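The next block holds one structure in the form of structure tokens; read it before the comments.
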Amino acid sequence: PEDVTTLDGVNKLNELIDTDKFDLKHPFWDKISLFYGDITKINVDAIVNAANAGLGGGGGVDGAIHRAAGYNQLQAECRKHDRPVATGQAVITDACKLSTHVKKIIHCVGPICYGGVTSKKRHELESCYRRAIELSEEIGLRSIAFCCISTGIYGYDNKDAAKSVIKILYKHLSKEENVEKWDRIVLCLFMDIDKQCYKHYITQLIRNP
Ligand code: ADP
């Protein structure tokens with residue numbers, strides 16, 4: 001990573017996050033990693049799916065996760081939940097045939113966002129990340145990989161989403177009792193634009209990229 005102390009790095013960071021609100025020395029930053037590529041290849045306790053409200057499987061990351069987990073098995077798991085799942089909410093299922101390390105899949109329903117981010121959409125997106133973290137903590141999971149919820153087919157602005165993701169994760173995990181519950185939080189980036197957003201703005205903060 002670049003030197004955090006360079007003026008250049010700090011300026012870039014300011015564009016995305018208000019550094020006054022973040023303690024850059026907080027152990028939170030040691031637990032965050034960026035991963036470029038397919039989320040189904042990451043060995044973490046839980047991976048996060050960008051699901052649709054019906055949990056019926058779909059394209060994008062949802063399709064990739066269903067293929068890796070086994071479509072029929074994962075659908076059987078999804079049908080155990082009440083549907084439609086509200087926007088901003090998350091449900092947890094078994095990981096079926098995903099790698100033996102992955103215990104759970106957390107299906108988040110992000111907002112559909114064309115025509116600009118509103119405070120309601122932002123709240124819904126942030127709620128997805130918060131619920132995924134809370135559900136994991138309830139059952140003692142210690143590592144998680146998030147895809148970039150809503151930024152694909154659902155059209156959410158990539159830079160705005162990145163900003164919310166860091167904000168909401170920091171808000172929860174900067175609390176001492178919460179940060180201790182986690183070994184690793186992976187932000188899985190798949191599209192070039194997401195790589196650019198995160199890499200440009202926050203790689204310098206992350207000690208285990
Ligand atoms: P949404 O409908 O919530 O926008 P998408 O699946 O279209 O969901 O996109 C969500 C994010 O997942 C996008 O950033 C997309 O590039 C990314 N993505 C697509 N396939 C994969 C994959 N196999 N692993 C990780 N991320 C993926």
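We did not get these values from a lab; they are worked out from the coordinates using the rules stated. All values reported here derive from a predicted model rather than from experimental measurement. All Cβ positions, glycine included, derive from the backbone under ideal geometry; neighbour counts span all protein chains shown.
Quick notes on this structure:
- Ranked by how many other beta carbons lie within 10 Å on average, peptides 53-59, 184-190 from highest: 184-190, 53-59
- C-alpha long axis of helix 7-16 to longest principal axis of the chain, angle in °: 40 degrees
- Normalised contact order of the chain, rounded percent, pairs of Cα under 8 Å and 6 or more residues apart: 33 percent
- When each of K167/K199; K80/K121; K103/K199; K21/K175 is checked by Cα-Cα distance, pairs over 22 Å: K80/K121; K103/K199
- Selection from N178, Y198, H123, by position along the positive dipole direction of the chain (Cβ): H123
- Radius of gyration, Dmax [the chain; alpha carbons; angstrom]: 16.3, 52
- Calculated mean residue ellipticity, 222 nm, the chain: -11500 deg cm²/dmol, from DSSP H runs (n ≥ 4) at -39500 (n - 2.57) each, averaged per residue and rounded to 500.
- One equal scatterer on each Cα of region 35-101, no solvent, Debye formula: the resulting log10 I(q)/I(0) at q = 0.14, 0.16, 0.22, 0.26 Å⁻¹ is -0.38, -0.50, -0.95, -1.29.
- Expected-Rg normalisation [2.2 N^0.38 Å, Cα atoms] applied to region 86-203: 1.04
- Beta bridges assigned by DSSP with both partners in the chain are antiparallel in approximately 20 percent of cases.
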